[in-house]
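Take a look at the structure set out below.
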Amino acid sequence: MTLIDGKAIAQEVRNEIRDEVAEWVAAGNEAPGLATVLVGDDPASAVYVGGKQKACAEVGMRGFDHRLAADTSEAEVRALLHQLNADPAVSGILLQLPPPPHIDGPKLTEEIAPGKDVDGLTPISTGLLHKNLPGLRPCTPLGCMELLKRHDVDLSGAEAVVVGRSDLVGKPISALLLQANATVTTAHSRTKDLAEVCRRADVLVAAVGVAHLIKGDWVKEGAVVIDVGMNRLDGKLTGDVEFEAAAERARLITPVPGGVGPMTIAMLLRNTLQAAKAAAAV
Ligand code: NAP
């Protein structure tokens, strides 16, 4: 078994992006800029946004860190998003979810211009993904694909099983695997005999949010296992897969933490650079 070291791969990607940004700027372009919008004072969200802004600075991008009071109205957030849409210094916009309850986060996200939708979550980005047209893809699914790519996993004709069908993770990963010519099964809470479905997977992606739901003996010998789950169990971060038992059968497997998690910010940076280049090309 080989461990997929997401931390090391994410660092590799970040170094590549830093070099690409430097080249882009040296060629006379403005550094790409990422605007983050955080409404309220949820401590976890503040940590996430801080991490994204720090990562931006490290690769030479500009960061625009907008922090709004918890009682900011939906109309005020919408106005800020429109202002950022119109600002040429801003290449990408990220509305940190979830906002306070009086704000409909997913609906407000739709206000972000498709070319700046670096989270890849607006209906337009979703449509572009499913039609395999150029556009910005959701970061965590992109991160999973990058891990597979860097380990030369041949997806063409492979049986891929994705457990989870959320708009954020499960559905877009299924779409990306399908585009890579895998034969994809998307399982969910109503799937009958999940164990048997998982056992046929050459590539098994767990994106559920239930600690250790996927048992070791559900993993086919020689399978590749990507564990997106991030769950707290006895105060520790753990995945959706029973790691030790699964690792005995898998050919490649991601740990939690240190697998998919670090890839998400790396892919956000890549999306921001892609958005900046696409904006300059029009
Ligand atoms: P979500 O929106 O809650 O979706 C969970 C999915 O799992 C749903 O489709 C649900 O099925 C399915 N499910 C729930 N219980 C199941 C069961 N017993 N058997 C089979 N399927 C079941 O969660 P999410 O946003 O996709 O996130 C999934 C996990 O990934 C979470 O642990 C989250 O923290 C983690 N995550 C990690 C990253 C990262 O950067 N590493 C990023 C995003 C999310 P139904 O549709 O039928 O309800």
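Brief remarks follow.
- Overall, the chain carries a charge dipole of about 340 debye about its Cα centre when +1 sits on the Cβ of Lys and Arg and -1 on the Cβ of Asp and Glu, all other atoms neutral.
- Reciprocal of mean inverse Cα separation for the range 139-261 (Kirkwood radius, Å): 13.9 Å
- Along the axis of the charge dipole computed for the range 28-113 (Cβ charges of +1 for Lys and Arg, -1 for Asp and Glu, origin at the Cα centre), the listed residues Pro43, Gly28, Cys56 are led at the positive end by Gly28.
- Scanning the chain for long hydrophobic helices, with DSSP H runs required to stretch 20 angstrom or more by C-alpha along their axis and to average at least -0.5 on the Kyte-Doolittle scale, returns 6-26, 43-58, 261-281.
- Within the range 28-113, percent of DSSP bridges classed antiparallel, to nearest 5: 0 percent
- Set of aspartates and glutamates with alpha-carbon distance to Lys107 below 19 Å, sequence-local pairs under 8 removed: Asp71, Glu74, Glu76, Asp117, Asp119, Asp167
- A simple spin-label model places pseudo-atoms 7 Å from Cα toward Cβ; at Ala281 and Lys107 they are separated by 3.5 nm.
- Proximal charge balance of Gly164 [Cβ under 9 Å; K/R count +1, D/E count -1]: +1
- Distance between the C-alpha centres of the range 156-173 and the range 37-52: 28 Å, rounded to the whole angstrom.
- Between the range 112-138 and the range 175-245, the alpha-carbon center distance in angstrom: 25 Å
- Local electrostatic count, Ala246, Cβ distance below 13 Å [Lys/Arg +1, Asp/Glu -1]: -2
- Couplings for the range 234-247, taken from phi via the Karplus curve 6.51 cos²θ - 1.76 cosθ + 1.60 with θ = phi - 60°, read 6, x, 10, 6, 9, x, 8, 10, 5, 4, 4, 5, 5, 5 Hz in order; Gly and Pro are left as x.
- Antiparallel bridges, percent of DSSP beta bridges restricted to the chain (to nearest 5): 10 percent
- Surrounding net charge for Ala70, when Lys and Arg each add one and Asp and Glu each subtract one, Cβ distance under 9 Å: -3
Readers should treat all values here as calculations from the given coordinates under stated rules, not as data from a laboratory. Because the structure is predicted, anything quoted here is derived from the model rather than measured. Quick reminder, even Gly has a Cβ in these numbers, built from the backbone with ideal geometry, and neighbours come from all protein chains shown.
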